[in-house]
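For reference, the structure is listed below as structure tokens.
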């Protein structure tokens, strides 16, 4: 994946450090794409329905509750100490409605679906290889939002944002938020960088467009509210791999905090 350049924005409040002068730890956010039975999966972005059900059961049994990024950040800002993990689904595949929602509802979980605004009702034409997968329609997106699922923007056309012309960047970031807001009848709070690719200009564009947060991929010492790192989850991730990924997330936070302390001394 493409490494990201992140902005110095902080959690839980936008634009300032926590009360003790140290940046709060990044929340644990899982990154999914498609949940379906596929024989071809060249990008390793599809999780089978059976495996996904096992993963959600693993979280629930261990006291974790999956939530949307919107709910996760609100809980952190309010100082709530629940065991919350963000659940995100990139690209807006139609199987979100068919295979994801029923499983999450069974556990009382919520999630965020990041949709490609210009491609609603179309297919994943940006993938050069692999099967063509149907995407959520405008009607489905509206129904999901009305039922309480968070809908975020994944850009207008799934274009990688670094080094694109300013006008194109503005259309992908700001234009997609405007169209989604009009479609849903409510503000769109979250943005997801296509391919996890971003630079300083992309971060500024997201902030100026009025988003409340943005999610990236890699964990960085400079990660912040507009480049929240996420943990990739695939079909091979059973119990022990999920446990290891949770432990690695915590270790990265410890290392990042030690580096910040060292830089401040």
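Remarks
- At R0 = 30 Å, FRET efficiency that the Cβ-Cβ distance of residue 200 and residue 179 yields, to 0.05: 0.75
- A convex hull fitted around the alpha carbon atoms of region 29-264 yields 131 Å³ per residue.
- Relative contact order (%) - region 21-93, alpha-carbon pairs under 8 angstrom, separation at least six: 42 percent
- Label positions at residue 25 and residue 139, each projected 7 Å from the Cα along the C-beta direction, are separated by 4.5 nm.
- Euclidean distance of C-alpha centroids, region 199-216 and region 38-110, integer Å: 24 Å
- For region 29-264, DSSP calls about 10 percent of its internal beta bridges antiparallel.
- FRET efficiency, residue 77 to residue 106 (Cβ-Cβ, R0 25 Å, nearest 0.05): 0.35
- Remark: the residue 44-residue 122 segment gains 26.0 nm on full extension, using 0.36 nm per residue and subtracting the alpha carbon distance.
- Legend: calculated FRET efficiency, residue 236 to residue 61, from the Cβ-Cβ distance at R0 = 22 Å, rounded to 0.05, equals 0.65.
- The gain in end-to-end length when the residue 186 to residue 132 segment is fully stretched comes to 16.4 nm, 0.36 nm per residue minus the alpha carbon separation.
We did not get these values from a lab; they are worked out from the coordinates using the rules stated. Keep in mind that what you see is a predicted model, and the values were worked out from it rather than measured. Here the Cβ is made from the backbone with ideal geometry for all residues, glycine too, and neighbour counts use every protein chain on show.
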